[in-house]
Amino acid sequence: MTVVTNPAIRTRFAPSPTGFMHVGNLRTALYEYLIAKSLGGTFVLRIEDTDQERYVDGAVDIIYKTLKTAGLIHDEGPDIGGDFGPYVQSQRMDLYKPYAEELVKSGHAYYCFCTKERLAALHEAGGVEGGYDRHCRDLSPEEVKKNLEAGVPYVIRQKMPLEGETTFHDCVYGDITVQNKELEDQILLKADGYPTYNFANIIDDHLMKISHVVRGSEYLSSTPKYNLCYEAFGWEIPTYVHLPLIMGKNEDGSVSKLSKRHGATGFEDLVAQGFMPEAIINYIALLGWCPKDNQEVFSLEELCKAFSIDGISKSPAVFDYDKLEWFNGEYIRKMSQEEFIEFAKPELEKFPMITPDLYPLFTEIMQPRITRLPQISEKLGFLLELADYDLELYVHKKSKTTKEGSLEMLNIVLPMLHEIEWTKDALSEYLTGLAEGMGIKNALVMWPVRIAASGTAVTPGGAVEVLLLLGKEEALKRIESGRQRLSEALSQ
Ligand code: GLU
């Protein structure tokens, strides 16, 4: 928990536990966190689980785990408490109804007894402008009383003004004005007594003293309705920060809302693909926010200092997987050797030949070459198994190697390689010394040795590195096998 220097600044991340953590949700959480922290405020976690039908088991754990892994540590929330709990909406169920009834009393809401069948018929008939035809809006007090006493199921609807307009200010989108007659008399309290999301968020944001409401732009159209509620209660309206959509790039170059067909969209999925939480957070911070200078790589701490609401843009941000990969590479390169080894552990486990004494070499050749973790296996797969490679690999025009020359070279180096100490210095000294002694280019020695040892044209590191990673026994076995294959092929 960080020190709160400005108690008036309070943001909340209010996810609904409906499944995995989409990068859009994570960006909302990040911006709420950054707004709170950049202003010395408090970051609150509230679980919005009133929609029981959409509830997914385990989703709350994913929320906790993601926030923790991403470093977005909340100051108040269901697991740690705080002065404004409970922080789970389903545990606050008793408190919404009196507020809805208060709005009925003050003339800003009304009981609606319309049956599901009537509403369905209305919908089927093509609906009406405003969604609901305001059928129960003008029931007489006697009719309402009679229905309530008879136990007729009801919902409570917000009574929108039929004239005039409502204007609100959003920090990103500016002033937005809507005609009141276009606003639906939306449901505040459902027949089961539960509030709708639309109502619960108003009450909770007020009771939790939230100063900045940060959320996706899909909520912009509902905001005038929320404001009419705030006004009806006489409550202060929070500062709104609506965030632009996140788009994905389609194959034809067009863009559409980011979805699975563009690539992984969940935080955990991205991590599983080898992206580092820090790199994801850094990249996501820039999806809709532009720093004042051209800095791109930011730690979370630096983001807390640099972030400001006026840098948020309203144009849709495009999620660029290549750019994320670039960030990941930058983060990988910033690691110390210990950090890199720790990071690479899941991959290293697949390569028993890379023993701790080889970690410095492994780091030296792999750290600059990868942008994602699984690339280690892709690039070092040859260590696990020697492919049945094509002997044409020994022919390299630029280095002027040939199959005959390669065979000759392998015949020369093999006996000596059996004898020498398996260290970087000894191997390089011997192989380069050999080329020098023969008055030929290094490549004429190194190329055949590397091909025989790896069975592939491209390896991270050169012949010496490959020999060291393989270990003496395996390396010699492979070179012997290469020598035999060349000799058989050439004697035919
Ligand atoms: N529970 C809403 C959601 O997950 C939160 C919207 C808001 O932040 O107000 O989309």
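The values are calculated or read from the model by the stated rules, or taken from the named source; none is laboratory data. Computed from a prediction, not measured in an experiment: that's the story for all the values here. Quick reminder, even Gly has a Cβ in these numbers, built from the backbone with ideal geometry, and neighbours come from all protein chains shown. We work out accessible area using only protein heavy atoms, side chains counted, and drop any ligands, DNA or RNA first. Shrake-Rupley method; radii C 1.70, N 1.55, O 1.52, S 1.80 Å.
Annotations
- Debye intensity ratio in log₁₀ form over the Cα atoms of the chain, taken at each q of 0.06 Å⁻¹: -0.45
- Shape call, region 157-198: gyration tensor on alpha carbons, a/c limit 1.5: oblate
- Set of region 72-113 residues, backbone N closer than 17 Å to the point 7 Å along the Cα-Cβ line of Val4: 73-88
- Distance between the pseudo-spin-label points of Ser336 and Glu421 (7 Å out from Cα toward the beta carbon): 2.9 nm.
- Here the gap between Lys398 and Glu143, fully extended at 0.36 nm per residue and compared with their Cα-Cα distance, gives a gain of 82.3 nm.
- For the chain, taking a cut-off of 4.7 Å between Cβ atoms, the unpaired cysteines are Cys114, Cys171, Cys229, Cys290, Cys304.
- Surface share of carbon and sulfur [accessible, 1.4 angstrom probe, percent] for region 16-98: 48 percent
- Within region 1-156, percent of DSSP bridges classed antiparallel, to nearest 5: 35 percent
- Beta bridges per DSSP, both residues in region 150-273: antiparallel share near 65 percent.
- Counted over region 172-263 with a bin width of 5 Å, the fraction of Cα pairs per bin, in whole percents, is 3, 11, 18, 19, 17, 12, 9, 7, 4, 1, 0.
- Alpha carbon centroid spacing (whole Å) that separates region 429-492 from region 143-221: 74 Å
- Distance in nm between pseudo-label sites at Asn442 and Leu95 (7 Å out along the Cβ direction from Cα): 7.1 nm
- Rounded if a/c under 1.5, otherwise prolate or oblate - region 282-327, Cα gyration tensor axes: oblate
- Cα Rg, Dmax (largest Cα-Cα span) when computed across region 408-492, Å: 12.1, 38
- The packing ranking, built from the mean of other Cβ atoms within 10 Å per residue, places the peptides 13-19, 485-491 in the order 13-19, 485-491, highest first.
- Dipole magnitude for region 99-230: about 280 debye, using +1 per Lys or Arg Cβ and -1 per Asp or Glu Cβ, origin at the Cα centre.
- Loop-located GluC sites (Glu not before Pro) in region 403-437 (DSSP state not H, G, I, E or B) with no more than 14 neighbouring Cβ atoms inside 10 Å: Glu421.
- For the residue pairs Lys68/Lys314; Lys225/Lys257; Lys159/Lys181; Lys209/Lys305; Lys37/Lys68; Lys68/Lys260, the alpha carbons lie more than 18 Å apart in Lys68/Lys314; Lys225/Lys257; Lys209/Lys305; Lys68/Lys260.
- Here r is the Cβ-Cβ distance between Gln484 and Ile80 and R0 is 60 Å; the resulting FRET efficiency, rounded to 0.05, is 0.35.
- The mean sequence distance of close C-alpha pairs (under 8 Å, at least 6 residues apart), as a share of the length of the chain, puts its relative contact order at 12 percent.
- Note on the chain: antiparallel DSSP beta bridges, both residues inside, total approximately 55 percent of the bridges counted.
- Note on region 350-492: the alpha carbon radius of gyration divided by the globular reference 2.2 N^0.38 Å gives 1.02.
- Taking the protein heavy atoms of region 214-266 in the context of the full set of protein chains, the accessible area attributed to carbon and sulfur is 47 percent at 1.4 Å.
- When the convex hull of its Cα atoms is viewed from all sides, region 51-133 shows a mean projected area of 9.2 nm².
- Restriction of the GluC sites (Glu not before Pro) in region 354-389 to DSSP coil positions whose beta-carbon has at most 15 other beta-carbons within 10 angstrom yields Glu385.
- Ranked by the mean number of other Cβ atoms within 10 Å of their residues, highest first, the peptides 441-453, 325-337, 288-300 fall in the order 441-453, 325-337, 288-300.
- Region 379-479 - charge dipole about Cα centre, Lys and Arg +1 at Cβ, Asp and Glu -1, debye rounded to 20: 360 debye
- The length gained on full extension between Ile412 and Cys114, counted as 0.36 nm times the residue separation minus their Cα-Cα distance, comes to 97.9 nm.
- Dipole moment magnitude, nearest 20 debye, region 364-423 about Cα centre, only Lys, Arg, Asp, Glu C-beta charged: 420 debye
- Prolate/oblate/rounded call for region 1-155, Cα gyration tensor, a/c under 1.5 rounded: prolate
- Spherically averaged projected area in nm², based on the convex hull that wraps the Cα atoms of region 308-379: 6.5 nm²
- Tail fraction, Cα-Cα pairs, region 422-471, threshold 16 Å, whole percent: 35 percent
- Gain on full stretching of the segment that runs from Glu102 to His123 - 0.36 nm per residue minus C-alpha separation: 4.6 nm
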